[in-house]
Amino acid sequence: MKIEYRHLISRLSAVAVVVRSRLAAALGVVALLATALTGTAAGTASAEPRTAPVAATQEAPGWVCPGTPIPPGYVITSRAANGCNGAGAWYMQPAQDGIWICATSPIPPGYVLTLHTANGCNSNIDTWFMQLARDGQWVCAGSPIPAGYVLTGHISTGCGNIGVWFQQLARVGLYICPGQPIPPGYRTGTFNATMCGGLGGWLLLSA
């Protein structure tokens, strides 16, 4: 009886680990999707000067268990459901321009999300296409907005119907979408209701 009892406790502990890890992964997906669907991040462009992408550390690419800190400059690109004794394992590798990342992945500074699929990451979970930020680029709703950029256009049906925003380097003469900070050194002038896909836009002028 004691042997059977210890065996039962061991099995229950293993099940608890799996449940906790899968719940954590699911919450990560829900958090990123909630941001994407509401487009909140797309309306908060940073007003700081542009920053260079964070370089990867010297960590070797490979599989890690849930809860393992991801080094700066690295992203998560795949999931193995049976890894880490059934808890699920994540594959991390250095960030690069033009790479699909899992919804639970960190997004290093200087990168944006430009495409989306709900059935990726080798596990049928949300996956995003990550690229270096560029002047004149459509980004998905929920994508980080790098410092020095502003949002000047919007299409509600882009990026798999999540919505996309047109991202440009701030400069005098652009009409910027409502709901974002004014970059240092600039002020807004007249309002044009036809700009930003019908959302309206404010003329960016020198301060």
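The values are calculated or read from the model by the stated rules, or taken from the named source; none is laboratory data. The model shown is predicted, which means the values in this text are computed figures rather than measured ones. Cβ placement follows ideal geometry from the backbone for every residue including glycine, while neighbour counts extend to all protein chains displayed. Accessible surface is based on the protein model in full, side chains and every heavy atom, while ligands, DNA and RNA are left aside. Shrake-Rupley method; radii C 1.70, N 1.55, O 1.52, S 1.80 Å.
Exactly one condition in (1) closer than 30 Å to Ile182 by Cβ; (2) in a strand (DSSP E or B); (3) hydroxyl-bearing (Ser, Thr, Tyr) is not met by Ser143; state its number.
Here Ser143 meets the rest and fails (2).
Pull up the range 189-198, narrow it to residues that are closer than 20 Å to Leu169 by Cα and modelled with pLDDT of 95 or more, then point me to the one that is most open to solvent (accessible area, probe 1.4 Å).
So in the range 189-198, the residues closer than 20 Å to Leu169 by Cα come out as 189-192, 195-197.
Narrowing the set further to residues that are modelled with pLDDT of 95 or more leaves 189-192, 195-196.
Working: Gly189: 26, Thr190: 84, Phe191: 100, Asn192: 47, Met195: 60, Cys196: 6 Å².
Once the filter is applied, the top-ranked residue is Phe191.
Can you say whether Gln180 is assigned to a loop (DSSP other than H, G, I, E, B), in contact (Cβ under 8 Å) with a residue 40 or more places away in the chain and open to solvent by less than 40 Å² (accessible area, probe 1.4 Å), as far as the supplied structure shows?
Numbers: assigned to a loop (DSSP other than H, G, I, E, B): yes; in contact (Cβ under 8 Å) with a residue 40 or more places away in the chain: yes; open to solvent by less than 40 Å² (accessible area, probe 1.4 Å): yes.
So Gln180 passes the test.
Could you tell me whether any residue of the range 73-80 is in a loop (DSSP other than H, G, I, E, B), of a type in the set (Val, Ile, Thr) and out of contact with any Leu (no Cβ under 6 Å at 6 or more places or on another chain)? Steps first, please.
Initially, the range 73-80 is screened for residues in a loop (DSSP other than H, G, I, E, B), giving 73.
Now restrict to residues that are of a type in the set (Val, Ile, Thr): none.
Within the range 73-80 (the criterion being in a loop (DSSP other than H, G, I, E, B), of a type in the set (Val, Ile, Thr) and out of contact with any Leu (no Cβ under 6 Å at 6 or more places or on another chain)), the answer is no, since none of the residues qualifies.
Which one of these is touching a helix residue (DSSP H, G or I) at 6+ places or on another chain (Cβ under 8 Å), surrounded by 12 or more Cβ atoms within 10 Å (Cβ to Cβ) and assigned to a strand (DSSP E or B): Trp202, Trp165? Even if it seems obvious, please write down each step before you answer.
Numbers: Trp202 fails: touching a helix residue (DSSP H, G or I) at 6+ places or on another chain (Cβ under 8 Å).
Just a single option satisfies the conditions, and that option is Trp165.
For the range 98-132, give me each residue that is under 18 Å from Cys159 (Cβ atoms), free of Cβ contacts under 8 Å to residues at least 40 places away in the same chain and outside any strand (DSSP E or B).
Gly98, Ser105, Ile107
Return the residue satisfying two criteria in turn: it lies in the range 131-144 and is at pLDDT 95 or above and touching a helix residue (DSSP H, G or I) at 6+ places or on another chain (Cβ under 7 Å), and of such residues it is least open to solvent (accessible area, probe 1.4 Å).
Step one: list which residues in the range 131-144 are at pLDDT 95 or above, which gives 131-140.
Narrowing the set further to residues that are touching a helix residue (DSSP H, G or I) at 6+ places or on another chain (Cβ under 7 Å) leaves 138, 140.
Numbers: Trp138: 105, Cys140: 1 Å².
Among them, the one singled out is Cys140.
Which one of these is open to solvent by 60 Å² or more (accessible area, probe 1.4 Å) and at pLDDT 95 or above: Trp128, Trp100?
So the residue among Trp128, Trp100 that is open to solvent by 60 Å² or more (accessible area, probe 1.4 Å) and at pLDDT 95 or above is Trp100.
Pick from the range 73-94 the residues that are aliphatic (A, V, I, L, M) and within 13 Å of the chain's Cα centre (by Cα): which of them is surrounded by the most Cβ atoms within 10 Å (Cβ to Cβ)?
To start, the set of residues in the range 73-94 that are aliphatic (A, V, I, L, M) comprises 75-76, 80-81, 87, 89, 92.
After this cut, where a residue has to be within 13 Å of the chain's Cα centre (by Cα) as well, the list is 75-76.
Numbers: Val75: 24, Ile76: 19.
In this case the residue turns out to be Val75.
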